[in-house]
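The values are calculated or read from the model by the stated rules, or taken from the named source; none is laboratory data. If you're wondering where the values come from, they're calculated on a predicted model, not measured in any experiment. A quick note on method: Cβ atoms are made from the backbone with ideal geometry, for glycine too, and the neighbour counts reach across all protein chains shown.
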Amino acid sequence: MSSIRLLNRLGELISRGEEMLKTFDKFPVKDMFGEVGELSLDNREKLDQWKLSCLNAIEIIAGKKSVFYETFPHKYIDYKNTTFDTAMSHYLSVLRALNEELQMGFLYGVEILVAKDMLSTIIEEAKALFQAKYKDAAAVYCRVILETAVKKLCDNNKTSYTKKEKLSSISNKLRKKGFLSLPEWRQIQVWTDIGNSAAHGNFSDYTEDNVKNMLNGIENFVEAKLK
């Protein structure tokens, strides 16, 4: 499933949760005899269906062992002891955090991309994110694509690097060995800066046009260097 579809699905679930938070009666509510009310059967059914959809989406996106899956309540909540507002606020906080991580591209590891050789697929994902106005997520994806491409260029030309070595250091090695021209090396530094800014949440450091040019440039770089 593409990241765009996952982002859209999360957005739908968050909107539904926010709507329930606004429209459902607030519980617990004590009547004149001191008895505590509960959600109506219809609202209970809607809430349970929504929770199952949320758990399914979280499992697909982050897995059952993720902090998102583990912290999203699985069981029935006793609203006599926990208010509906409190419970829904917690549900929504988990979904919003997951949505932010997905938008930032933090759920995709470079090692996975290298192992599965998915550069062309991730380039298409980055394009789709950019077209959907997720410029910051697209910038993070571009950073992943760039690092993957540079490391594969090293592999193809028998240039060693360590697992945790910075991209700037790796590109310096390629430049010294003549596998990168001076303009290419300089452009990689610019792209790296943009990608790092996106990954650290410094979104005002670059513009939408910067990301567009970065995406086009990296795609051309991959086609030229990794034939």
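Summary table below
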{"read-out": "Among the residues listed as LEU182, LEU129, the single one being within 17 Å of the chain's Cα centre (by Cα) and in the same structural domain as ASN213 (by TED's automatic domain parsing)", "value": "LEU129"}
{"read-out": "Any hit, the range 163-170, residues being acidic (Asp, Glu) and touching a residue at least 24 places away in the same chain (Cβ under 8 Å)", "value": "no"}
{"read-out": "ASN196 vs. criteria closer than 12 Å to ALA139 by Cα, in the same structural domain as CYS142 (by TED's automatic domain parsing) and without any contact (Cβ under 8 Å) to a residue 12 or more places away in the chain", "value": "no"}
{"read-out": "Residue count, the range 168-215 (criterion: of a type outside the set (A, V, I, L, M) and surrounded by fewer than 12 Cβ atoms within 10 Å (Cβ to Cβ))", "value": "9"}
{"read-out": "Selection status of ALA126, modelled with pLDDT under 90, in a helix (DSSP H, G or I) and crowded, with 17+ Cβ neighbours inside 10 Å", "value": "yes"}
{"read-out": "Failed criterion for THR159 (all others in (1) part of a helix (DSSP H, G or I); (2) crowded, with 16+ Cβ neighbours inside 10 Å hold)", "value": "(1)"}
{"read-out": "Options ILE112, ILE14, ILE58: the member that is closer than 29 Å to HIS200 by Cβ, at pLDDT 80 or above and surrounded by fewer than 18 Cβ atoms within 10 Å (Cβ to Cβ)", "value": "ILE14"}
{"read-out": "Residue ID - farthest from LEU92 (Cα to Cα), chosen from residues in the range 19-55 that are surrounded by fewer than 14 Cβ atoms within 10 Å (Cβ to Cβ) and at pLDDT 80 or above", "value": "ASP42"}
